[in-house]
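The structure appears right after this line, and notes come after that.
The values are calculated or read from the model by the stated rules, or taken from the named source; none is laboratory data. Quick caveat, the model's predicted, so the values are computed rather than measured. We place every Cβ from the backbone using ideal geometry, glycine too, and count neighbours over all the protein chains shown. Surface accessibility is based on the protein's heavy atoms, side chains included, excluding ligands, DNA and RNA. Shrake-Rupley method; radii C 1.70, N 1.55, O 1.52, S 1.80 Å.
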Amino acid sequence: MKITTVWILGVSLLVFVPPRVCAQDASAGQPTTLADLLTEAEKNNPQIQAARHGWQSAKQIPTQVAALPDPQVVLQQTNVGSPRPFAGYTNSDFAYLGLGFSQDLPYPGKLRLRGEIAQKDADATQQKYESLRRAVLAAVKMTYFRLGYLAKRQEILDEDAQLLQQVEQAAESRYRNGLGNQQDVLQAQLERTKLLREINMNQLEQGKLQAELKNLLNRSQTSTDIETAELSESTPVYNFDQLLAEAKASNPELAGMQKMVEREGLQIDLAKKDFYPDFNVQGMWQRTDPSQFRAYYQFTVGMRIPIYRSRRQRPELAQAEADRDRAKSEFEMQSQQTAFQLRQQFLTAEKSAELLKIYREGLIPQARAELQAGMAAYQSNRQDFQALLASFLDVLKLDEEYWQTLSEHETALAQMEELTGVTLR
């Protein structure tokens, strides 16, 4: 009985502790803030860098396609009577040297439209870059929050492993004193082994997430593991309507698709321009012996006549109109998808905040009170070991669920930040 009493006094000190607070070991390294990791990812992540370079490349295209085609310069020599250079140049007006040029001139408005279409492509590429940047940063946040939860869970499991060892020792003591049975001891040993399994699985998931986070940051996989700061609950100040308005105004996927709708509208205008001819102008100066003959000057205007309209221009216009309608439908689909995803994450954040309050103010204090009562009943032989063990497992489970819910709450905020571009913490 003496051993059991000491054990109960020791456990009672733990029963009234609120949801476990993460106390950093003084010997441990300083945790890395999320803001620092986001800055590092934006600077070093190769996906973000590749998308940024792609955008920079796309910005160079509009001026290229809007410029006139390069002119052609022609140098001619015509001989008379012999293939020798300049044969007949001094005695025949059919032998000459010629210098000319040629310039293609698309129908007015075509080059401007091609430049505007390329600009819309560049704008859409910019939005793809922004979408990828937000996705990578959201992945960093979600991995960070998950690691924060697993670090907290590791502490809980380590503490409860020690507590469960005390439970096992108490069961053994009662069994030796004839107050318990061997099944209680075996059950306590089984639960402690299960707890060791959970600790091992938790460490495995931590290792995988550390590798994922290092990959996002473009760090070496052999670098030091990242220590996260303690999770804390963030309280957003925006309602759903405000967040939806922000998403419609600044979501890069929506903005990119809107640019594609505008692009396809310009493509229709360009297809209509293809019903009109393009032009070509040529000029030529020809010179024979200046002491005997006068120079020749030649100017030519040519046109490309679109006579195969039923096989080329009309299908081109129909294709452009179909592409515009497709782009509009994709924009509508993405608008609905964005609103749907935002609503899901908003409800997750809202309800998880309510759950956190229930855990803090109801479930966890009640479970700890039940454990304390069960301890006293177990001491006086008014409760069996199975009921006491169930109370202990309830406390363990609720502690883990609290921190997991907190991680899910912060993850939902991170996904809303990705959709809206608004900082919610």
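If I compute solvent accessible area with a 1.4 Å probe over the protein chains, what percent of it on the stretch 96-146 is carbon and sulfur?
56 percent
Per DSSP H run of n ≥ 4, the term is -39500 (n - 2.57); total these for the chain, divide by its residue number, and report the mean residue ellipticity at 222 nm rounded to 500 deg cm²/dmol.
Value at 222 nm, helices only, nearest 500: -23000 deg cm²/dmol.
Name the most mobile residue of ALA295, ALA245, ALA339, meaning the one with the largest mean-square fluctuation, in a Gaussian network model of the chain with Cα contacts below 10 Å.
ALA295
If you bin every alpha carbon distance in the stretch 301-347 into 5 Å steps from zero, what whole percent lands in each bin?
5, 17, 12, 12, 11, 9, 9, 7, 6, 5, 4, 2, 1, 0
Estimate the FRET efficiency between LYS194 and GLU401 by the formula 1/(1 + (r/R0)^6), using the beta-carbon distance for r and 25 Å for R0, to the nearest 0.05.
Given R0 = 25 Å and the Cβ-Cβ separation, E is 0.90.
How large is log10 of I(q)/I(0) for the stretch 219-288 at q = 0.23 Å⁻¹ when the intensity is taken from the Debye formula with one equal scatterer per alpha-carbon?
Taking Cα atoms of the stretch 219-288 as identical point scatterers yields -1.04.
Work out which GluC sites (Glu not before Pro) in the chain are exposed loop sites (DSSP not H, G, I, E or B, at most 16 other Cβ within 10 Å) and give the longest gap free of them.
1-226
Please give every one of the aspartates and glutamates within straight-line cross-link reach of LYS272, meaning a C-alpha to C-alpha distance under 13 Å, and leave out same-chain neighbours fewer than 8 residues apart.
List returned: GLU264, GLU316, GLU321.
One-quarter of the Cα convex hull surface for the chain, in nm²?
For the chain, the mean projected area of the Cα convex hull comes to 35.3 nm².
As a quick test, which of the pairs LYS128/LYS351; LYS152/LYS194; LYS128/LYS208; LYS43/LYS120; LYS194/LYS357; LYS43/LYS141 have an alpha carbon distance above 20 angstrom in this structure?
Those over the limit are LYS128/LYS351; LYS128/LYS208; LYS43/LYS120; LYS194/LYS357.
Return the single residue from GLN60, GLN47, GLN210 with maximal mean-square fluctuation; model: Gaussian network over the chain, springs between Cα atoms under 10 Å.
GLN60
Roughly how much of MET142 is accessible, in Å² to the nearest 10, using a 1.4 Å probe?
Accessible area of MET142: about 50 Å².
If each residue of separation counts as 0.36 nm, what is the full-extension length gain between GLN103 and THR78 once their alpha-carbon separation is subtracted?
6.7 nm
Tell me the per residue accessible area of the chain using a 1.4 Å probe; a whole number in Å² is fine.
55 Å²
If the chain between ASP325 and ASP93 were fully stretched, how many nm would it gain, using 0.36 nm times the residue separation less the Cα-Cα distance?
Full-extension gain reported as 77.2 nm.
Tally up the carbon and sulfur contribution to the accessible surface of the stretch 303-425 as a whole percent, 1.4 Å probe, everything protein left in place.
Here it works out to 50 percent.
For the chain, set up a GNM with springs between Cα atoms under 10 Å and report which of THR348, THR125, THR78 has the largest fluctuation.
Taking springs between Cα atoms under 10 Å, the residue moving most is THR78.
What are the membrane-span-like helices in the chain by this rule: whole DSSP H runs, Cα extent along the axis at least 24 Å, mean Kyte-Doolittle hydropathy at least -1.0?
TM-like helix candidates: 110-176, 182-217, 252-273, 313-358, 385-420.
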